């Protein structure tokens, strides 16, 4: 079922097209697909996935897996986030025949520990931990709850300032 949906959404081609002007030296779509399947079946770290990937059935997985490529694939994914989200929205609109006249937007925050997150700041804490730095998460969904796009904001960003940024990104 995952492979069928992956193919219907055209994700391999969309990822390759979005990265076509980049000097990519490995099969990014295969690494992303492996991480998606892993997240659905047995959520774990990239290291655990790397250690157990030979036990998973993955279509067209005829290459040597390298741990650093899982992490690098996520970097590429962040670089093409907006293109890929737009592609997914267009494909889902076509496949599921929905027309949007209403979208829902919600904000939440999550606190972080440590000092390595460059956007973590003190702000209004929805987790009742004003003593910890946090990041803000904004999610735009259809009325059925299907995600359209998301953004991560600095922890001190007021909700009302996130809407214009989200509109320009989607």
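Matching residues to (1) farther than 30 Å from residue 129 by Cβ; (2) loosely packed, with under 15 Cβ neighbours inside 10 Å; (3) out of contact with any strand residue (DSSP E or B) (no Cβ under 6 Å at 6 or more places or on another chain):
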| site | (1), (2), (3) |
| --- | --- |
| 33 | yes, no, yes |
| 47 | no, yes, yes |
| 53 | yes, no, yes |
| 83 | yes, yes, yes |
| 87 | yes, no, yes |
| 98 | yes, yes, yes |
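Has region 132-139 got any residue that is part of a strand (DSSP E or B), modelled with pLDDT of 85 or more and more than 25 Å from residue 83 (Cβ to Cβ)? Within region 132-139, one or more residues are part of a strand (DSSP E or B), modelled with pLDDT of 85 or more and more than 25 Å from residue 83 (Cβ to Cβ).
Condition check ((1) out of contact with any helix residue (DSSP H, G or I) (no Cβ under 8 Å at 6 or more places or on another chain); (2) without any contact (Cβ under 8 Å) to a residue 60 or more places away in the chain; (3) more than 25 Å from residue 78 (Cα to Cα); (4) part of a strand (DSSP E or B)) across all residues:
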site	(1), (2), (3), (4)
106	yes, yes, no, yes
110	yes, yes, no, yes
113	yes, yes, no, no
119	yes, yes, no, no
129	yes, yes, yes, no
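Let's see how each residue does on (1) under 13 Å from the mean Cα position of the chain (by Cα); (2) assigned by TED's automatic domain parsing to the domain that holds residue 17:
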{"position": "74", "(1), (2)": "yes, yes"}
{"position": "84", "(1), (2)": "yes, yes"}
{"position": "88", "(1), (2)": "yes, yes"}
{"position": "117", "(1), (2)": "no, no"}
{"position": "124", "(1), (2)": "no, no"}
{"position": "131", "(1), (2)": "no, no"}
{"position": "134", "(1), (2)": "no, no"}
{"position": "139", "(1), (2)": "yes, no"}
{"position": "151", "(1), (2)": "yes, no"}
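Residue 143 - would you say it is assigned by TED's automatic domain parsing to the domain that holds residue 162, more than 18 Å from residue 81 (Cβ to Cβ), touching a residue at least 40 places away in the same chain (Cβ under 8 Å) and in a loop (DSSP other than H, G, I, E, B)? Yes: the conditions hold for residue 143. Whenever a residue of region 1-24 is more than 19 Å from residue 82 (Cα to Cα), its partners that are modelled with pLDDT under 95 and surrounded by 15 or more Cβ atoms within 10 Å (Cβ to Cβ), lying with C-beta atoms within less than 7 angstrom and at least six residues away or across chains, give the pairs 2/37.
The values are calculated or read from the model by the stated rules, or taken from the named source; none is laboratory data. The shown structure was predicted, so the numbers you read here are calculated from the model rather than taken from an experiment. Positions of Cβ are backbone-derived with ideal geometry, glycine not excepted, and every protein chain shown enters the neighbour counts.
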